[in-house]
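Trainee: Just dropping this structure here.
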Amino acid sequence: GIESRVEADLSMLADLAALAERHVDDLKPYHPVAVVGQFTKMMRAELDFLRELRNIQQFRQNFAADDTVHFPVPYPELCSRRVLTMERLEGVLVSQIKILPGPNPEMDEFARRGANMYLEMIFRDGFYHADPHPGNLMLLPDGVVGVLDCGMVQRLDDDLREAIEDLLLAAVHRDPQTVTEAVWDLCTTPPTTERQRLQSDITELVTEYAAESIGSVNVSALVNSLTAVIYENRLFLPPGVMLLLRMLG
């Protein structure tokens, strides 16, 4: 009965979003109808296990040559829209790992492998796992990164991928003008938005990281701070870009 419950919730969300976009001035710049539309598309996709099967097969093909990453082996002959049958992974979920005080070389390497995996998904393949919470990642023997729940995925076209790359590189290299240009190009910009104010806010943000070496920049904090500046300037990030920045963080 989950599908009918989800559809009922999505219908209510769509009605509320339409109401907000028509009558709540503070919410109009964020295009709630478009956001709910993106969310609806993703939720419906997650309910179709044949789609998730295809996602797993695509990820396995993309990472076939990488022995540091493992996606479960699926069994297509035992799958349907409502049933997904795949290999059982034997390991420890990231959500269950207890980090001991002091050096953790095994976990450091595991984190590095996981980060590299996501960078490959985004900047090499343009096809990424969009739900990287600790319950979906697993530490397998020999420090291999196991990935579960491939129902929520996103694809990037080349232009968007390059725009995100330019934005992140400019942010890490503390180049406020290029960051401003990248944000301006990525976002929907209402007529009331002042580009000068945006550049001033971004310059202030970038200055906060000026004393840090590139290797020590906290990218998660930087992405979150940049997102806050975007919203404070009443800019609108397309839902796909917002999801990507959240995932990167």
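The values are calculated or read from the model by the stated rules, or taken from the named source; none is laboratory data. Worth saying up front: this structure is predicted, and the values here are computed from it rather than measured. A quick note on method: Cβ atoms are made from the backbone with ideal geometry, for glycine too, and the neighbour counts reach across all protein chains shown. SASA here: full protein model, heavy atoms, side chains in, ligands and nucleic acids out. Shrake-Rupley method; radii C 1.70, N 1.55, O 1.52, S 1.80 Å.
Trainee: What residues of the stretch 117-148 lie in the reach of a label at LEU89, counting those whose backbone N is under 14 Å from a point 7 Å from the Cα along Cα→Cβ?
Mentor: Residues passing the 14 Å test: 117-118, 129-148.
Trainee: Taking each pair of different alpha-carbon atoms in the stretch 192-248 once, compute 1/r for the pair, average those values, and report the inverse of that mean as the Kirkwood hydrodynamic radius in Å to one decimal. Don't jump to the answer; show the numbers that get you there.
Mentor: Numbers: mean 1/r = 0.0813 Å⁻¹.
In the stretch 192-248 this quantity evaluates to 12.3 Å.
Trainee: May I pose another question? Helix check for the chain. Which DSSP H runs span at least 30 Å along their own axis by Cα, with a mean Kyte-Doolittle hydropathy no less than -1.0? Don't skip to the end; give the middle numbers.
Mentor: Values: long enough: 2-23 (31 Å, 0.16).
Long hydrophobic helices here: 2-23.
Trainee: Can you pull the accessible area of ASP159 for me, 1.4 Å probe, Å² to the nearest 10?
Mentor: That residue has around 120 Å² of solvent-accessible surface.
Trainee: Please report the base-10 log of the normalised intensity I(q)/I(0) for the stretch 1-123, using a Debye sum with one equal scatterer per alpha carbon and no solvent, at each q in 0.11, 0.18, 0.20 (1/Å).
Mentor: At q = 0.11, 0.18, 0.20 Å⁻¹ the computed log10 ratios are -0.66, -1.05, -1.11.
Trainee: If you don't mind, there's one more thing I want to ask. Under 8 Å for C-alpha pairs, at least 6 residues apart: give me the relative contact order for the stretch 31-94, rounded to a whole percent. Can you show the working numbers first?
Mentor: Working: 49 pairs, mean separation 19.3, N = 64.
Relative contact order of the stretch 31-94: 30 percent.
Trainee: Skip the ligands, DNA and RNA, and give the accessible area per residue of the stretch 68-130 with a 1.4 Å probe, whole Å². Please report the intermediate quantities before stating the final value.
Mentor: On the way: 3870 Å² over 63 residues.
Counting only protein heavy atoms, the per-residue value for the stretch 68-130 is 61 Å².
Trainee: Please give, to one decimal in nm, the separation of the simple spin-label points placed at GLU208 and MET107, each 7 Å out from Cα toward the Cβ.
Mentor: A separation of 2.6 nm, rounded to one decimal place.
Trainee: In the chain, what percentage of the DSSP-assigned beta bridges are antiparallel, given to the nearest 5? Write down the numbers at each step before the final one.
Mentor: Details: 11 of 13 bridges.
Roughly 85 percent of the beta bridges in the chain run antiparallel, per DSSP.
Trainee: Can you give the extra length, in nm with one decimal, that the chain gains between ASP26 and SER4 once fully stretched, where that is 0.36 nm per residue apart less the Cα-Cα distance?
Mentor: Working: separation 22, 0.36 × 22 = 7.92 nm, distance 3.19 nm.
That pair, ASP26 and SER4, stretches by 4.7 nm at full extension.
Trainee: Defining a contact as two alpha carbons under 8 Å apart and six or more residues distant in sequence, what relative contact order in percent does the stretch 1-149 show?
Mentor: On the way: 146 pairs, mean separation 30.6, N = 149.
RCO, the stretch 1-149: 21 percent.
Trainee: Hey, quick one: spin label on ASP158, modelled 7 Å out along Cα-Cβ, who in the stretch 107-132 has an amide N within reach, i.e. under 19 Å?
Mentor: The answer is 120-128, whose backbone nitrogens lie closer than 19 Å to the label point.
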